[in-house]
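Contents: one structure, followed by commentary.
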Number of protein chains: 2
Amino acid sequence: MTEATSATIPSMASMPAGTLRAFMTLADDSGRFGMIAVDQRPPIFAALARHGNRRPEDVEYEEVAAVKGVLLEVLAPDASAVLLDPIWAHPHHLRKVPGHVGVLSTLEDHDFTLADGERRSHAIPGWSVAKIKRSGAQGVKVLAWYRPDVSTATRDHQDAFVAEVGRECREHELPFVLELLTYPLPGEDPNGSDYARAKPQRVLDSVRHFGDSHFGVDLFKLEFPAELKAAEEFAAGAFDGRCREAVYALDEVRASLAELDEASPVPWVLLSAGVGPHEFAFNLELACLAGASGFLAGRAVWYDALEAYPDLDAIRERLRSVSLPYLRSLRALAQRGRPWTAHRRYEGAIAIEGAGPSWYAEYGA
Amino acid sequence: MTEATSATIPSMASMPAGTLRAFMTLADDSGRFGMIAVDQRPPIFAALARHGNRRPEDVEYEEVAAVKGVLLEVLAPDASAVLLDPIWAHPHHLRKVPGHVGVLSTLEDHDFTLADGERRSHAIPGWSVAKIKRSGAQGVKVLAWYRPDVSTATRDHQDAFVAEVGRECREHELPFVLELLTYPLPGEDPNGSDYARAKPQRVLDSVRHFGDSHFGVDLFKLEFPAELKAAEEFAAGAFDGRCREAVYALDEVRASLAELDEASPVPWVLLSAGVGPHEFAFNLELACLAGASGFLAGRAVWYDALEAYPDLDAIRERLRSVSLPYLRSLRALAQRGRPWTAHRRYEGAIAIEGAGPSWYAEYGA
């Protein structure tokens, strides 16, 4: 017989109440993330511009909003959470996200500032962490472009931007989901062997840099730390029929993933960054076996369906017949990953910060 | 073929983004509420005090917290939302509420001020709507004691308390769930025929009063507007073996429910207020057929299980074998109610306030 008075709370990791609650809503009940991004901007403008041979900037607001609505209508019910932008998706399509599915909101503008080819990130003017909290979302996603080898000025800019978002997320008790993307500097070929060879170390260095606790990151959204197309086992054209120079063996890729998992002081999920469905499924399985807690992906799931634009019914049908089963298969793969609660930061036991008889009075005071 | 550019948003009711999102999380996907309250205080103190023949004030903090943990552990996964108090439940047991289940938080202190027998409500000192929002909950529940026939001073006090909560809930975009309970004044017998006879009109008058839009109520939590034990069809002792004077016929009770539904300018759910499981099931079915959108109930579901205190394992077992199937049966009954989205306030089509290309910038500014 268990008696009430023996039920004291053991010593364990703690989180603010709001952050804990939001994490639980973003993940599935097993602690894995199966999140769909529909916050893309330039890639969607480009896909829609193919209809009528237009320039991306000539695609109309209503067209983008309508396409995002179709993506959410079909895919949101099978995601553990969705990532919305606040311009086309959030204001029009919240009703398409079932109440049990989490909502993340994008904070960064898709237009970054270029300084000698180095990318500097900014928030969408007029959008904020406070507004994201008020709107009922469960987290803030920020994409920060990063290269370990940029100028001090660019690095300071990115650091200040990320640290400020982290501070505001802690204040509002919203999980801070930081997406890191490396990028080519002028003169580099992102499809070349040198770029592929340098990628693992760049991704690792990014995570080590932003893993410092003063940035306040709660969940990393990371790119696969290698180009699987350039791994020996796939370099003969496994994914796209193009033969490439092999720059590493799959075991080296696995070693990079293990290093990445070791470097991340918080749980992490994999992003798809425009790779195709087959490649992303391989990426995800390898990442989850190395300790990722699932995925936050978009284009790998739904981009092909946009080929049917402007026929929204045809897009809907392709999403239902192709993207949805694929999403379900990714969610099954994600079950091979580590539940976020089992990350060494939490170790399976999580209390609310300050839990006790006077929590309600001292909380946030 | 549906084209993107034809997808303009038709004219429809609108809600703030955060309020809409929270409503969707509190309800099930069909728009009905099946919510479990574990925020009770005096009734739980009383139940636990029976062990050892103690006074309710001698029950320890840890005992109450542990019992609420067991209630949530077993029942939360089968509720569309749970109602937590911020003292015993919220700080210790958030991890027992699955992420897809909504969370409401109680704002009012269980100690009310008595002025010539009239009850005046207050917030728990140190707890607030802002803290409820920060903690990741989806709504604020306030119980306001009410009688249409109290003094102006008491009425003004209650009005000011409720209006202030409504104002703060709008500011934070949290649904305001107002619970109204009538109560006996000195010299009245709450178990007598006169009290039962007067109840329907009192409940109706309460809803009409607080339905005024300046109070900002989003969802009413209402008592059954009659004593079913005193209805002709049940007065011979159907629920408790005690024969009573019949004060109305069931058709009159149905008429009161129809008036109540007509009087409520927002969706409403039924509370259980300590009636037994059989009576509450009748109450709920009648209420849902009259237009209620489900229930927010506690004791009717789990109170009997506390008889096994202090054996928490025995409580757990009774909750699993009796309370859980009963909760599931209530949720099935609630499907006969009106989805909150179909209430005349919304009429099935709900947009976000200010939806459009500049929503993100103008929102909350």
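Taking every DSSP beta bridge with both residues inside the protein assembly as shown, roughly what % is antiparallel (nearest 5)?
Roughly 15 percent of the DSSP beta bridges within the protein assembly as shown come out antiparallel.
If amide H atoms are built 1.01 Å from N in the plane of the peptide, which residues on other chains or at least 5 residues away come under 5 Å of the amide H of A:A351?
A:A13, A:S14, A:M15
Under a 5 Å amide H to amide H cut-off, with H placed in plane at 1.01 Å, what residues pair with B:A123 once short-range neighbours are removed?
For B:A123, the qualifying residues are B:D109.
Tell me the label-point distance for the pair A:H51, B:Y61, using the 7 Å Cα-to-Cβ offset, in nm and rounded to one decimal.
In this crude label model, A:H51 to B:Y61 measures out at 6.1 nm.
Taking K and R as +1 and D and E as -1, what net charge do the other residues with C-beta under 12 Å from the C-beta of A:D109 add up to?
-1
For the A and B pair, go ahead and give the buried accessible area with a 1.4 Å probe, both sides summed, in Å² to 100.
Summing both chains' loss of accessible area gives about 5500 Å².
Going by the alpha-carbon gyration tensor, a ≥ b ≥ c the square roots of its eigenvalues, is region B:10-357 rounded (a/c under 1.5) or, if a/c is not under 1.5, prolate (a/b greater than b/c) versus oblate?
Because its axes are fairly even, with a/c under 1.5, region B:10-357 counts as rounded.
To the nearest 0.05, what FRET efficiency results for A:C243 and A:A342 with a Förster distance of 51 Å applied to their C-beta separation?
In this case the efficiency is close to 0.80.
Within region A:256-337, which trypsin sites (Lys or Arg not before Pro) sit in a loop by DSSP and count at most 16 neighbouring Cβ atoms inside 10 Å?
Passing sites in region A:256-337 are A:R336.
So if each residue of separation counts as 0.36 nm, and I subtract the Cα-Cα distance between B:H278 and B:D251, what length gain in nm does that give?
Gain on extension, B:H278 to B:D251, equals 7.8 nm.
Under a point-charge model restricted to the Cβ atoms of Lys and Arg (+1) and Asp and Glu (-1), what is the dipole moment magnitude of region B:40-185 relative to its Cα centre, in debye to the nearest 20?
Computed charge dipole of region B:40-185: roughly 300 debye.
Using θ = phi - 60° and the Karplus form 6.51 cos²θ - 1.76 cosθ + 1.60, what ³J(HN,Hα) does each residue of region A:230-240 get, whole Hz, x for Gly and Pro?
9, 7, 2, 5, 10, 5, 7, x, 3, 9, 9
Going by the rotation axis that takes chain B to chain A, pick out the residue of B with the closest C-beta and quote the gap in whole Å.
Here the value is B:H100, 2.
State in Å² the accessible area per residue of region A:27-356; use a 1.4 Å probe, count heavy atoms of protein chains only, and round to the nearest integer.
For region A:27-356, the per-residue accessible area is 36 Å².
For region B:236-281, just say rounded, prolate or oblate: build the C-alpha gyration tensor, square-root its eigenvalues into a ≥ b ≥ c, call rounded for a/c under 1.5, and beyond that prolate if a/b exceeds b/c, oblate if not.
Note, shape of region B:236-281 comes out oblate.
On the protein heavy atoms, probe 1.4 angstrom, tell me the percent of accessible surface of the protein assembly as shown carried by carbon and sulfur.
Carbon and sulfur together cover 50 percent of it.
Summing +1 for each Lys or Arg and -1 for each Asp or Glu, what net charge is found among the other residues whose Cβ lies under 13 Å from the Cβ of B:S128?
Overall, the nearby charge balance is -2.
If a paramagnetic tag sat 7 Å from the Cα of B:A153 along the Cα-Cβ line, which residues of region B:97-112 would have the backbone N under 19 Å from that point?
The answer is B:112.
With heavy atoms of protein chains only and a 1.4 Å probe, what residues of region A:17-50 have at least 10 Å² less accessible area in the full set of chains than alone?
A:A17, A:G18, A:L20, A:R21, A:M24, A:T25, A:D29
7 Å along Cα→Cβ for the label point: how many nanometres lie between A:G52 and each equivalent label in the other copies, listed shortest first?
7.6
Which length gain, in nm to one decimal place, applies between B:H214 and B:E317 when the Cα-Cα distance is subtracted from 0.36 nm times their residue separation?
Here the segment from B:H214 to B:E317 would lengthen by 32.5 nm.
Kindly count the pairs of lysines across region A:27-356 whose alpha carbons are less than 25 Å apart, treating pairs on different chains or eight or more residues apart as eligible.
The number of close lysine pairs in region A:27-356 is 18.
Note the distances from A:Q335 to each other copy's matching label point, with points 7 Å along the Cα-to-beta-carbon direction, in nm, sorted shortest first.
2.5
Let me know the charge dipole size of region A:27-356 about its Cα centre in debye, to the nearest 20, where only the beta-carbon of Lys, Arg (+1) and Asp, Glu (-1) is charged.
I would put it at about 700 debye.
Tell me the net charge near B:I350. Cut-off is 12 Å between Cβ atoms, B:I350 excluded, with +1 for each Lys or Arg and -1 for each Asp or Glu.
That sum, taken over residues with Cβ under 12 Å, equals +2.
The values are calculated or read from the model by the stated rules, or taken from the named source; none is laboratory data. On a predicted model such as this, the values are computed, not experimentally measured, just so you know. Note that we place each Cβ from the backbone using ideal geometry, even for glycine, and neighbour counts take in every protein chain shown. Surface accessibility is based on the protein's heavy atoms, side chains included, excluding ligands, DNA and RNA. Shrake-Rupley method; radii C 1.70, N 1.55, O 1.52, S 1.80 Å.
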